[in-house]
Amino acid sequence: MKAVVMAAQGGPEVIELVELPEAGPGEVLVKVAAAGVNFMDTGVRRGLAWTDIPNPKVLGVEGAGRVISVGHGVDRLTPGDRVAWVYAPGSYAERVVVPADALVQIPDAIDDRTAASVMMQGLTASHFATDFYPVQPGDIALVHAAAGGLGLLLTQIIKLRGGHVIGRVSAAEKVAIAKEAGADHVIVDTKGQFAQDVLRLSGGDGVHVVYDGSGPKTFQGSLDSLRRSGTFCWYGPVLGGPGPLDIMSLPKSIKIGYAVFSDHIHTPALLRARTGQLFDWIARGDLKVRIGGIYPLAEAAQAHADMESRATTGKLLLIP
């Protein structure tokens, strides 16, 4: 089978398309219909994650496809089933072996590309808005990268829960996309100078919650955007952290935490339940998935380059 691997740490040029052997028994072999591209994949490529796995290694963790065969002891799935997954290393491939417990069945109403687009970012957005900080009606949230795949889904889930959204985007052409997802206000900013606008748009009090995966550049502005006892949801290790914090210097009784989506789905039952909720929202038209770019598997390097340019919106997919 063909798969995309990184031959070494570095830029997009380290990505290669190679042949890999089939996987062994005890799991599920899936023919990949679509693989999701995530910002964490660029971090793996640059040597910021998976450092314990020797090169060459296959990139990607997310996708959707059809079961080819099942290993011994797998009775929940059968060949031909349409399935999706959220964390199976090696997903940039024509075929991937996935533990049965990591797979969810795709309803007939959901197509493969939509399912592949919503797994990591959809479950992450669900965790942020329902577990990490359960948004309540009337809450005001600041969503960074509001026109990205995660930001668009997070905005919609916040709105489904009765909240208000102030979105931050990096370019004026992204404003309409964020507003289409439901953002009440959108700030265009590339320098991390957004806090005064956030305070003005929130009536001077600040927001109840900030969702910030934009790296150290926005950390202080996000702090300044919070109201008293507000919650700071920090995520996205690829861009780095804010450095050491003196907890006694934190202002306004705010709460800061690092959100990890796997805590939202830490059992197979929760994975199926949370994914089922996302699929239900999509089937009802309450949650819309924007696919911003579709690339052949052999053009994974271009997908990475486009994502890192900050010019893309929505979800990027690779098609074997």
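The table that follows gives values for the structure above.
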item: Convex hull projection area averaged over all views, the range 21-103, Cα basis, nm²; result: 5.3 nm²
item: Dipole of the chain, positive direction: furthest Cα of Leu316, Leu154, His72, with charges on the beta-carbon; result: Leu154
item: For the chain: accessible area per residue (Å², 1.4 Å); result: 42 Å²
item: Fully extended contour minus Cα-Cα distance, from Ala172 to Asp75, at 0.36 nm per residue; result: 29.8 nm
item: Computed lengthening from Ala109 to Ala305, 0.36 nm per intervening residue step minus Cα-Cα distance; result: 67.3 nm
item: Stokes-Einstein diffusion coefficient of the chain, Kirkwood radius over Cα pairs, 20 °C, 1.002 mPa s, in µm²/s; result: 107 µm²/s
item: Normalised alpha carbon radius of gyration of the range 242-320 [divisor 2.2 N^0.38 Å]; result: 1.61
item: Magnitude of the charge dipole, the range 173-274, Cβ model with Lys/Arg +1 and Asp/Glu -1, debye to 20; result: 180 debye
item: Relative pair counts by distance (%), Cα atoms of the range 98-250, 5 Å bins; result: 2, 9, 18, 21, 21, 13, 7, 5, 3, 1, 0
item: Global size of the range 149-218 as Cα Rg and Dmax, reported in angstrom; result: 11.5, 30
item: Within the accessible area of the range 212-304 (1.4 Å probe), percent carbon and sulfur; result: 55 percent
item: Residues in the range 194-213 that a label on Asp286 would reach, taking backbone N under 11 Å of a point 7 Å out along Cα→Cβ; result: none
item: Relative contact order %, the chain, counting alpha carbon pairs below 8 Å whose residues are six or more apart; result: 18 percent
item: Antiparallel content of DSSP bridges confined to the chain, in %, to 5; result: 55 percent
item: Rg in Å to one decimal, and Dmax rounded to a whole Å, for the range 37-186 via C-alpha atoms; result: 17.8, 54
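The values are calculated or read from the model by the stated rules, or taken from the named source; none is laboratory data. Just so we're clear, the structure is a prediction, and the values are computed from it rather than from any experiment. Glycine gets a Cβ as well: all are built from the backbone with ideal geometry, and neighbour counts include every protein chain shown. Heavy atoms of the whole protein, side chains included, go into the accessibility calculation; ligands, DNA and RNA do not. Shrake-Rupley method; radii C 1.70, N 1.55, O 1.52, S 1.80 Å.
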